[in-house]
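Trainee: Just dropping this structure here.
The values are calculated or read from the model by the stated rules, or taken from the named source; none is laboratory data. None of the values given here were measured: they were computed from a predicted structure. Ideal geometry is used to build each Cβ from the backbone, glycine not excepted, and the neighbour counts take in all protein chains shown. The protein model used for the area step is the full one, side chains on, heavy atoms only, and it has no ligands, DNA or RNA in it. Shrake-Rupley method; radii C 1.70, N 1.55, O 1.52, S 1.80 Å.
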Amino acid sequence: MTKPTDQQLAANYMGAVAHLLGGAPGRHQEFFEKVELILSGNEPHALQLLQFTGSVRATGRPVIWLHHTEEAPQVPLIGLVAPADDQVYTIENCMLWSTPNGRTTRLVPDNFKMGAFEFDADLRLNHLPTAPARSLQAGRTGIVRAYRRLLQLEQEQLARGDVFALPQLAKAA
């Protein structure tokens with residue numbers, strides 16, 4: 001068995017993220033058509049955030065970026081630029097949070113004051129006015145559940161030998 005390339009690992013990781021946020025396997029291509037998912041080595045800077053905001057206003061497609069640090073390589077840092085009503089939200093620090101049954105995973109801004117974001121059955125990102133918990137401490141179980149599930153999905157894909165194509169619209173750095 002050959003070792004997967006960095007591009008294959010990135011594509012498979014994006015497939016796991018699409019499965020987790022989209023709520024079901026096998027919809028990764030549809031997810032990538034509706035969401036600009038970016039894997040990066042570092043956080044976007046102010047100019048990139050402005051570009052993401054412009055892109056979201058022009059296309060209506062949310063931008064989700066993930067990057068990993070050396071200190072915690074298994075836990076992605078997540079940012080979101082998303083349309084909601086007549087606004088565009090730019091949130092630099094979101095966390096994953098999953099329901100007890102694991103069927104729904106939300107993006108929750110780290111202050112737990114801005115509500116949450118969740119994909120519906122048509123893979124449209126919706127803003128929910130209330131976060132699933134009042135605070136980081138209160139949401140800890142759902143957060144741990146979500147990150148464990150992401151890691152599990154990624155490991156299951158590797159064990160099965162799944163190979164995803166890197167989405168044409170996705171960027172990997």
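Trainee: If I filter region 86-114 down to residues being hydroxyl-bearing (Ser, Thr, Tyr) and within 23 Å of residue 25 (Cβ to Cβ), which single residue comes out as most open to solvent (accessible area, probe 1.4 Å)?
Mentor: It comes out as 104.
Trainee: Go through region 37-65 and report how many residues are at pLDDT 90 or above and open to solvent by less than 60 Å² (accessible area, probe 1.4 Å).
Mentor: 11
Trainee: Taking the criterion of being in contact with a Phe, Trp or Tyr (Cβ under 9 Å, 6 or more places away or on another chain), in contact (Cβ under 8 Å) with a residue 60 or more places away in the chain, part of a helix (DSSP H, G or I) and not aliphatic (A, V, I, L, M), would at least one residue in region 31-45 satisfy it?
Mentor: The answer is yes, given that some residue of region 31-45 is in contact with a Phe, Trp or Tyr (Cβ under 9 Å, 6 or more places away or on another chain), in contact (Cβ under 8 Å) with a residue 60 or more places away in the chain, part of a helix (DSSP H, G or I) and not aliphatic (A, V, I, L, M).
Trainee: Kindly list, by first and then second residue, each pair from a residue in region 73-85 that is at pLDDT 90 or above and surrounded by 20 or more Cβ atoms within 10 Å (Cβ to Cβ) to a residue that is part of a loop (DSSP other than H, G, I, E, B) and not aliphatic (A, V, I, L, M), limited to pairs with Cβ atoms under 9 Å and residues at least 6 apart or on different chains.
Mentor: As it stands, the answer is 79/43; 79/44; 80/62; 81/62; 82/62, since those pairs meet every condition given.
Trainee: Can you tell me which residue in region 115-127 is least open to solvent (accessible area, probe 1.4 Å), limited to those that are more than 10 Å from residue 84 (Cβ to Cβ) and in a strand (DSSP E or B)?
Mentor: 116
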